[in-house]
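As structure tokens, the structure follows; a few thoughts come after it.
The values are calculated or read from the model by the stated rules, or taken from the named source; none is laboratory data. Everything numeric here is computed off the predicted structure, so don't read it as measured data. Positions of Cβ are backbone-derived with ideal geometry, glycine not excepted, and every protein chain shown enters the neighbour counts.
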Amino acid sequence: MNEYINPRKVAMIGCGFVGSASVFALMQGGLFSEIVLIDADMEKARGEAMDISHGIPFTRHMKIYAGTYDDIVDAHIIIISAGAGQKPGETRLDLVNKNVAIFKQIIPEIAKRRCEGVLLIVSNPVDILTQVALKLSGFPEHRVIGSGTVLDTARLKYQLGEHLMVDSRSVHAFIIGEHGDSEVVAWSSANVSGIELDSFCEMRGHFCHEMATAEIAEKVKNSAYEIIERKRATYYGIAIAVKRICEAIARDEKSILPVSHMMHGQGGVDGVVLSMPAIVGSDGIEADVPIALDEAEREKLQASAEQLKKIFEGLDLN
């Protein structure tokens, strides 16, 4: 790791629901000794820092404070959650132009400070914005990642665990592609503790595989819409997903996570940012992990990539 990096420091840019919930999760996890919050509304950042700091006596000693872009220079991880939130009836891709405009202000501020940490994008649409951040920052590809389908994958494991009445942590499956409506469930590689999924389903008395998997995939895809319809925003699930990604980076775990990053031929996709499993360590992406996909899954992944590529190419990033 670069000698100018503080391995126990993280910065959060954006103190809305997602940013604040993520900092709260990071505080509870005790991963870092220093957390700086940055927001266009400095008073909002100060208020969140104060509120979250009051939980420190029940966790571990750390410093949580509101700061400026000058405070991010030595951060190991710079998280960006800033941006407009998804409204009821709105897709993640509907947010593109609003949040690209915000990123055109934020990313140059990071770039000119020559930060050496990992840039973790959480704002939606996360795949597009991760590619925007990559282009505008000039950072090497391995140090610009998005939260991608880490949360979608957790939702999939949860639904499968409920369906099969087993611990969801024993379910091994990935959602790949866009964090959004064109996401793809990689059913071909799904298993429960090493047992092929259909076989395990039959062990648990489930035999209508095609209908059940279609229903579960639909539930996962619509989870965010349902939550937003009920409570106007989603933030707890993504906060834990952010914490999990930060754990992999801060502890150099070399964990395999489906994060958003630049593709170079994986699954037949090239030159676009989307989610595929990758080994995540202290410097960000270490290597891609190939997973089995059938022909239909591969075609869906490529269609997802084409949709994202078309949107990115239409952006004004000057």
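Numbers for the structure displayed
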read-out: Qualifying residue in the stretch 148-156 (condition: among the charged types (D, E, K, R) and either under 30 Å from residue 195 (Cβ atoms) or within 19 Å of the chain's Cα centre (by Cα) (or both)); value: yes
read-out: The stretch 94-113 - residue that is surrounded by 18 or more Cβ atoms within 10 Å (Cβ to Cβ) and in contact with a Gly (Cβ under 8 Å, 6 or more places away or on another chain) and, of those, farthest from residue 15 (Cα to Cα); value: 95
read-out: Number of positions in the stretch 37-47 that are of a type in the set (Gly, Ala, Ser) and either modelled with pLDDT under 95 or assigned to a loop (DSSP other than H, G, I, E, B) (or both); value: 1
read-out: Matching option when the condition is hydroxyl-bearing (Ser, Thr, Tyr), over 12 Å from the mean Cα position of the chain (by Cα), farther than 12 Å from residue 220 by Cβ and not assigned by TED's automatic domain parsing to the domain that holds residue 210, among 137, 170; value: 137
read-out: Residue 157 vs. criteria assigned by TED's automatic domain parsing to the domain that holds residue 268 and of a type outside the set (Phe, Trp, Tyr); value: yes
read-out: Any hit, the stretch 17-36, residues being outside any helix (DSSP H, G or I), touching a helix residue (DSSP H, G or I) at 6+ places or on another chain (Cβ under 7 Å), of a type in the set (D, E, K, R) and not assigned by TED's automatic domain parsing to the domain that holds residue 280; value: no
read-out: Criterion: crowded, with 17+ Cβ neighbours inside 10 Å, modelled with pLDDT under 95 and under 29 Å from residue 98 (Cβ atoms) - qualifying residue of 217, 224; value: 224
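Residue by residue, here is whether (1) touching a residue at least 60 places away in the same chain (Cβ under 8 Å); (2) under 16 Å from the mean Cα position of the chain (by Cα) holds:
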| position | (1), (2) |
| --- | --- |
| 251 | yes, no |
| 258 | yes, yes |
| 268 | no, no |
| 279 | no, yes |
| 296 | no, no |
| 306 | no, no |
| 310 | no, no |
| 318 | no, no |
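Let's see how each residue does on (1) closer than 22 Å to residue 307 by Cβ; (2) crowded, with 23+ Cβ neighbours inside 10 Å:
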residue: 130; (1), (2): yes, yes
residue: 142; (1), (2): no, no
residue: 173; (1), (2): no, no
residue: 181; (1), (2): yes, no
residue: 212; (1), (2): no, no
